[in-house]
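Here is the structure we will look at, set down as structure tokens.
The values are calculated or read from the model by the stated rules, or taken from the named source; none is laboratory data. These figures come from a predicted structure and were not determined experimentally. Because the Cβ atoms are built from the backbone with ideal geometry, glycine has one as well, and the counts that use them run over all protein chains shown. Note: accessible area is taken over every heavy atom of the protein model, side chains too, but ligands, DNA and RNA are not part of it. Shrake-Rupley method; radii C 1.70, N 1.55, O 1.52, S 1.80 Å.
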Amino acid sequence: WSSSKRPNLSSYNGKGCCAYAADFVKYVFGNNSPRGGKAFYNPSEIRAGDVIYVSNSSHWFVVISRSGNSLKVAEGNWGGKVVVSNGTYTVSGNRLLRNGSVFRTFNTGYHFQ
């Protein structure tokens, strides 16, 4: 899943990780856009089924589940493929951490459920 890959299912104009998020919401929720859910701006509101956008290099990922502050996520274009990680991302107050450190900046999340 390279950085130049376009969506297979969605007509959204995105590439790489954004294309993966667009295809996810198209397949699961019937929505064409990863921005098509209800926007929220506090990481403490993250829940399963959300699409998350982080800035400082524009990265998108999908939340599969949340257990306490630990997130299980799927990310397109992580090393050229889709990767599912468990516990890599955690919520700490109003911040989102990756492997215990601030990872880019939480920008916006989108609830689809």
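Details
- Selection from the range 14-44 of residues that are aromatic (Phe, Trp, Tyr) and open to solvent by less than 10 Å² (accessible area, probe 1.4 Å): 40
- Considering residues of the range 65-76 that are surrounded by fewer than 22 Cβ atoms within 10 Å (Cβ to Cβ) and touching a Lys or Arg at 6+ places or on another chain (Cβ under 8 Å) only, the residue farthest from residue 96 (Cα to Cα): 65
- Just one of the listed residues (54, 62) is of a type in the set (A, V, I, L, M), open to solvent by less than 40 Å² (accessible area, probe 1.4 Å) and at pLDDT below 95, and it is 54.
- If you go through the range 91-106 and keep only what is in contact (Cβ under 8 Å) with a residue 12 or more places away in the chain and either open to solvent by 40 Å² or more (accessible area, probe 1.4 Å) or of a type in the set (Phe, Trp, Tyr) (or both), you end up with 92, 93, 94, 95, 103, 104, 105, 106.
- Residues of the range 1-27 satisfying the condition of being within 27 Å of residue 94 (Cβ to Cβ) and either modelled with pLDDT of 95 or more or outside any loop (DSSP other than H, G, I, E, B) (or both): 17, 18, 20, 21, 22, 24, 25
- Just one residue in the set 87, 80 is open to solvent by less than 70 Å² (accessible area, probe 1.4 Å) and either assigned to a loop (DSSP other than H, G, I, E, B) or without any contact (Cβ under 8 Å) to a residue 12 or more places away in the chain (or both); that residue is 80.
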